[in-house]
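Please read the structure below before turning to the comments.
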Amino acid sequence: MAKTSSAENLIKISFILLALTPFAVIHGTLFPYMFGKAVFIKLMMGVAGVIFAVGVLGKKQPIRLGLRRLFNPLTVSYVVFVALGLLSTLLSDNPYRAFWGNVERSEGSLMLLIYMLLFFLGTLLFFNKKDWLNFFKVNLLVGGVVTFDVLIAWLSGGVRPEGSFLDNPIIVSIYALFVLFFALAVGILDRRKFWIYLAGVISITSILAIFITGARGAIVGLVAAFIVTLLRLAFVGGASAKLNIFKRSVNVKKLAIVLLLLTVMLSTVFIFTRINPFWQRIPGLSRIADISATDPSTQTRLINIGISLKAANPANVGMTKFLFGWGLENYINAHNQFYNPSIQKFETSWFDRAHNKVMEVLVMNGLLGLVAYLSIWIILLWKAFSSRIEKDRERSSEELWLSLTIGGVAIAYFVQNLFFFDPIAAYVPLFSLFSFGAYTYYVKDREPHDENIGSGRIPVPVKLGAIALGALLVASFVWTSAIPIRQMRIATSGLSRGYLDAGDISKMTAPYNFAQSEVRLFALFNALDRLPKENVVDILPQMMELGEVALTKPDNKARREQEMAIAYNDAFKTYKKEEYLALGEEHARKAMDLAPGRQSVAFILVENLTLQGRFEELVPIMDAARTAEPDSVLIDVFYLSYLAPNALDGKLGIVDK
């Protein structure tokens, strides 16, 4: 067996350390919980890239490249998905935003396609069974800290706790699904009592975390995974596995049938008695009991599915968008263009994700991208649930349980993603699942042979490519992480101390990068709201001009136009310059054109016209907004706020309306 080089070991350590991603929070930045995790991923991938370049150039003990590991259906499907994603980025209406993403989601093609592809390929190239086990153990320990932290928050009185590291109960539940996967994998692969007991305890905490966060998608996904796994054990042919329970050997097939019957009975009782107060006292089940065809959450998701299908219809958008999509980070623009005003009966937020991964991929990646995406899951699930007990029962039994674990978490995650989207905190676990699946089904059996190949002379083009990759990853970290961190911290620290000068503005807005559309408007809004009037008057023209520049490459055209309109309205209220109202009206009308039917945008225009004293123009705009959706959750409040004070004689019938 060939000796592993120092560079390979350091690369492996870099990948294993990515298990610490949930802990990455960078305060003093916008969206510190999201952005911090993206920064950490880019940092560790940059370190791995530099080590790889050094290792490839080494003369004494160069890195071994067993490229045969990469030639398998799962890897091919993923690479095709990445290639189509990059093509959709080039063809999108906003390639800049599609590639770089934004601060709030910290994704874009750069993160989702390139960084995660490198992580997938890197772990598949360099990890062996021992490395995977070490990776899972570190993830298990991190997951234990995260889930225990959530449990403590819940016991301290938190309702749907979000914990100290993830800042969102739904993201906690999604991450907990993977913690359960890591626990089961460690318990299967390492039979020492310490790890078995620890895995058992953290399995319980992860399941509890899923239920106490009340994330219905994760709960439904977990139940679906449990049922599918039981069906596989109960009805798929092959030799039966055995389990030792309390020192007695139990036939797994018979146990699975019993558990299935119990699941059916309990589910039936729950469905017919779900309005009983008993279920309302059980965390998680209380929210499942509230699910109906008419509840606001369900209605919002159904409307979003309709919007997504319209945005992917070739009759509406043409064949290019139908096949290749709108591009990553462009879902919001598709949603705005085909906005359904009836959604305002339940929700008035901007949707930059469909909250249904299949619909999201269809819109952003097109039909071809969706086919490639689904093929990844189909291949993984087919391999996972087709595993059987063979002649070598001990090894085969381990492979069966490991496959059921892979298939179970894949089912759970896919199902919950029909209700949400991929958060950055789940990226490392998700793509490690894909990579480990490829390793388990296509690499592991030929691993002893691969250990002794690929250690010869490395071609010059490969060396040059490695140098370029390392340099690009370092440059990417500086450009997308180090510089934006500095810019955001200048903005937040200045606002915290209550003073910004022209020098601060210049430093936090140059050089221009993907974060600027958010940084500039964040600073502008907060300066108007929090800083002394005499301070803002000196820097406001400069900030307004920089905000206008940011609109040339926005992540959400309609929303950014609306925000600039709000900023101009607020600036007029403070400084009484008529030119601000004219500019605010211009931006508000642009926002209305980009998001027709969205009442919140109309309200900003109405406020602007009210400030201008053009009261006669308010009624048609407000009536049009009401006509778009008469039962909106906000329409009556805004209708009275803007029109009632100008119709005190009652002739317009505002109060009656």
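Out of all the residues in region 126-144, which are closer than 24 Å to I171 by Cβ and open to solvent by 10 Å² or more (accessible area, probe 1.4 Å)? Outline the logic, then answer.
Initial filter on region 126-144 (closer than 24 Å to I171 by Cβ): 135-144.
Selection gives K137, V138, L141.
Exactly one of these conditions fails for G366: (1) at positive phi; (2) not in a helix (DSSP H, G or I). Give me its number.
Of (1) at positive phi; (2) not in a helix (DSSP H, G or I), only one is false for G366: (2).
Of all helices (runs of 4 or more DSSP H) completely enclosed by region 223-333, which ones contain at least 2 residues that are of a type in the set (A, V, I, L, M, F, W, C) and over 19 Å from M359 (Cβ atoms)? Spell out how you get there, then give the answer.
Numbers: elements: 252-273, 277-280, 285-289, 296-311, 314-324.
Output list reads 252-273, 277-280, 285-289.
Of the residues A565, A527, which is part of a helix (DSSP H, G or I), in contact with a Gly (Cβ under 9 Å, 6 or more places away or on another chain), under 23 Å from T492 (Cβ atoms) and of a type in the set (A, V, I, L, M)? Lay out the reasoning, then the answer.
On the way: A565 fails: under 23 Å from T492 (Cβ atoms).
Answer to the selection: A527.
Exactly one condition in (1) modelled with pLDDT under 90; (2) part of a helix (DSSP H, G or I) is false for I604; which is it?
(1)
Pull up region 212-226, narrow it to residues that are over 17 Å from T263 (Cα atoms) and not small (G, A, S), then point me to the one that is most open to solvent (accessible area, probe 1.4 Å).
Step one: filter region 212-226 for residues over 17 Å from T263 (Cα atoms), giving 212-218.
Now drop any that are not not small (G, A, S), which leaves 212-213, 216.
Details: I212: 14, T213: 0, R216: 43 Å².
Out of the qualifying residues, it is R216.
Taking I204 and the conditions (1) closer than 22 Å to Y33 by Cβ; (2) open to solvent by 20 Å² or more (accessible area, probe 1.4 Å); (3) assigned to a helix (DSSP H, G or I), which numbered condition does it fall short on, given that it satisfies the others?
The failed condition is (1).
In this structure, does S267 turn out to be under 29 Å from the mean Cα position of the chain (by Cα) and within 30 Å of L155 (Cα to Cα)?
Numbers: under 29 Å from the mean Cα position of the chain (by Cα): no; within 30 Å of L155 (Cα to Cα): yes.
When the stated conditions are applied, S267 does not pass them.
So, L380, is that one more than 21 Å from G217 (Cβ to Cβ) and surrounded by 22 or more Cβ atoms within 10 Å (Cβ to Cβ) or not? Give the steps one after another, and end with the answer.
Details: more than 21 Å from G217 (Cβ to Cβ): no; surrounded by 22 or more Cβ atoms within 10 Å (Cβ to Cβ): yes.
No.
Identify all residues within region 58-75 that are touching a residue at least 12 places away in the same chain (Cβ under 8 Å) and open to solvent by 80 Å² or more (accessible area, probe 1.4 Å); write none if there are none.
Just the residues of region 58-75 that are touching a residue at least 12 places away in the same chain (Cβ under 8 Å), to begin with: 58, 61-70, 72-75.
Residues satisfying the conditions are L67, R68.
Can you tell me which of T147, T123 is touching an Asp or Glu at 6+ places or on another chain (Cβ under 9 Å), of a type in the set (S, T, N, Q), open to solvent by less than 10 Å² (accessible area, probe 1.4 Å) and in contact (Cβ under 8 Å) with a residue 12 or more places away in the chain? Steps first, please.
Values: T147 fails: touching an Asp or Glu at 6+ places or on another chain (Cβ under 9 Å).
So the residue among T147, T123 that is touching an Asp or Glu at 6+ places or on another chain (Cβ under 9 Å), of a type in the set (S, T, N, Q), open to solvent by less than 10 Å² (accessible area, probe 1.4 Å) and in contact (Cβ under 8 Å) with a residue 12 or more places away in the chain is T123.
Test W132 against the stated conditions and say whether it is aromatic (F, W, Y), over 30 Å from L328 (Cα atoms) and in contact (Cβ under 8 Å) with a residue 40 or more places away in the chain.
Yes; evaluated as a whole, the condition is true for this residue.
Report yes if some residue within region 445-467 is modelled with pLDDT of 85 or more, crowded, with 16+ Cβ neighbours inside 10 Å, of a type outside the set (V, I, T) and touching a Lys or Arg at 6+ places or on another chain (Cβ under 8 Å); otherwise report no.
No, every residue in region 445-467 fails to be modelled with pLDDT of 85 or more, crowded, with 16+ Cβ neighbours inside 10 Å, of a type outside the set (V, I, T) and touching a Lys or Arg at 6+ places or on another chain (Cβ under 8 Å).
What is the one condition in (1) in contact with a His (Cβ under 7 Å, 6 or more places away or on another chain); (2) free of Cβ contacts under 8 Å to residues at least 12 places away in the same chain that E579 does not satisfy?
(1)
If A425 satisfies every condition in (1) assigned to a helix (DSSP H, G or I); (2) open to solvent by less than 20 Å² (accessible area, probe 1.4 Å); (3) out of contact with any Pro (no Cβ under 7 Å at 6 or more places or on another chain) but one, which is the exception?
Of (1) assigned to a helix (DSSP H, G or I); (2) open to solvent by less than 20 Å² (accessible area, probe 1.4 Å); (3) out of contact with any Pro (no Cβ under 7 Å at 6 or more places or on another chain), only one is false for A425: (3).
Any chance region 12-28 includes a residue that's in contact with an Asp or Glu (Cβ under 6 Å, 6 or more places away or on another chain), over 22 Å from N330 (Cβ atoms), at pLDDT 90 or above and open to solvent by 10 Å² or more (accessible area, probe 1.4 Å)?
Step one: of region 12-28, the residues in contact with an Asp or Glu (Cβ under 6 Å, 6 or more places away or on another chain) are 12.
In the following step, the residues that additionally are over 22 Å from N330 (Cβ atoms) were identified as 12.
Cutting the leftovers down to at pLDDT 90 or above gives us 12.
Imposing the further condition that a residue be open to solvent by 10 Å² or more (accessible area, probe 1.4 Å) reduces the set to 12.
For region 12-28, residues in contact with an Asp or Glu (Cβ under 6 Å, 6 or more places away or on another chain), over 22 Å from N330 (Cβ atoms), at pLDDT 90 or above and open to solvent by 10 Å² or more (accessible area, probe 1.4 Å): present.
What pairs come up if the first residue lies in region 91-102 and is open to solvent by 20 Å² or more (accessible area, probe 1.4 Å), the second is among the hydrophobic types (A, V, I, L, M, F, W, C) and not in a loop (DSSP other than H, G, I, E, B), and their beta carbons are under 8 Å apart, counting only those six or more places apart or on different chains?
If the second residue must be among the hydrophobic types (A, V, I, L, M, F, W, C) and not in a loop (DSSP other than H, G, I, E, B), the pairs left are L91/F324; F99/L110; W100/L110.
Could you list, ordered by first residue, the pairs with Cβ atoms under 8 Å in which the first is in region 372-384 and closer than 13 Å to V82 by Cα and the second is of a type in the set (A, V, I, L, M) and open to solvent by less than 20 Å² (accessible area, probe 1.4 Å), at least 6 apart or interchain?
Correct list of pairs: Y373/V361; I376/L74.
Working only within region 468-508, note down all residues that are open to solvent by 10 Å² or more (accessible area, probe 1.4 Å), free of Cβ contacts under 8 Å to residues at least 60 places away in the same chain and of a type in the set (V, I, T).
V478, I483, I490
Among D623, D593, D555, D636, which is out of contact with any Pro (no Cβ under 9 Å at 6 or more places or on another chain), of a type outside the set (A, V, I, L, M, F, W, C) and either touching a residue at least 12 places away in the same chain (Cβ under 8 Å) or open to solvent by less than 30 Å² (accessible area, probe 1.4 Å) (or both)?
Working: D623 fails: either touching a residue at least 12 places away in the same chain (Cβ under 8 Å) or open to solvent by less than 30 Å² (accessible area, probe 1.4 Å) (or both); D593 fails: either touching a residue at least 12 places away in the same chain (Cβ under 8 Å) or open to solvent by less than 30 Å² (accessible area, probe 1.4 Å) (or both); D636 fails: either touching a residue at least 12 places away in the same chain (Cβ under 8 Å) or open to solvent by less than 30 Å² (accessible area, probe 1.4 Å) (or both).
From the options D623, D593, D555, D636, the qualifying one is D555.
So which residues in region 476-506 are at pLDDT 95 or above and among the basic types (K, R)?
Within region 476-506, R486, R489 meet the criteria.
Please name all residue pairs, on different chains or six or more residues apart, with Cβ atoms under 7 Å, provided the first residue is in region 181-198 and is outside any helix (DSSP H, G or I) and the second residue is not polar (S, T, N, Q).
Qualifying pairs under 7 Å: D190/L133.
The conditions are (1) surrounded by 15 or more Cβ atoms within 10 Å (Cβ to Cβ); (2) of a type outside the set (F, W, Y); (3) at pLDDT below 85, and T229 fails exactly one of them. Which is it?
Checking T229 against (1) surrounded by 15 or more Cβ atoms within 10 Å (Cβ to Cβ); (2) of a type outside the set (F, W, Y); (3) at pLDDT below 85, the one that fails is (3).
Of everything in region 248-290 that's surrounded by 15 or more Cβ atoms within 10 Å (Cβ to Cβ) and of a type in the set (K, R), which residue is farthest from I170 (Cα to Cα)?
Out of the qualifying residues, it is K253.
Identify, from the list A515, A491, A510, A523, the residue that is under 31 Å from the mean Cα position of the chain (by Cα) and closer than 22 Å to E579 by Cα.
Values: A515 fails: closer than 22 Å to E579 by Cα; A491 fails: closer than 22 Å to E579 by Cα; A510 fails: closer than 22 Å to E579 by Cα.
Sole residue among the options that is under 31 Å from the mean Cα position of the chain (by Cα) and closer than 22 Å to E579 by Cα: A523.
Would you check if there is a residue in region 388-398 being without any contact (Cβ under 8 Å) to a residue 24 or more places away in the chain, open to solvent by less than 10 Å² (accessible area, probe 1.4 Å) and over 20 Å from the mean Cα position of the chain (by Cα)?
Yes, the conditions are met somewhere in region 388-398.
The values are calculated or read from the model by the stated rules, or taken from the named source; none is laboratory data. Keep in mind the model is a prediction, meaning the values are calculated, not measured. Methodologically, a virtual Cβ is constructed for each residue, glycine included, from the backbone with ideal geometry; neighbour enumeration extends over all protein chains shown. The protein model used for the area step is the full one, side chains on, heavy atoms only, and it has no ligands, DNA or RNA in it. Shrake-Rupley method; radii C 1.70, N 1.55, O 1.52, S 1.80 Å.
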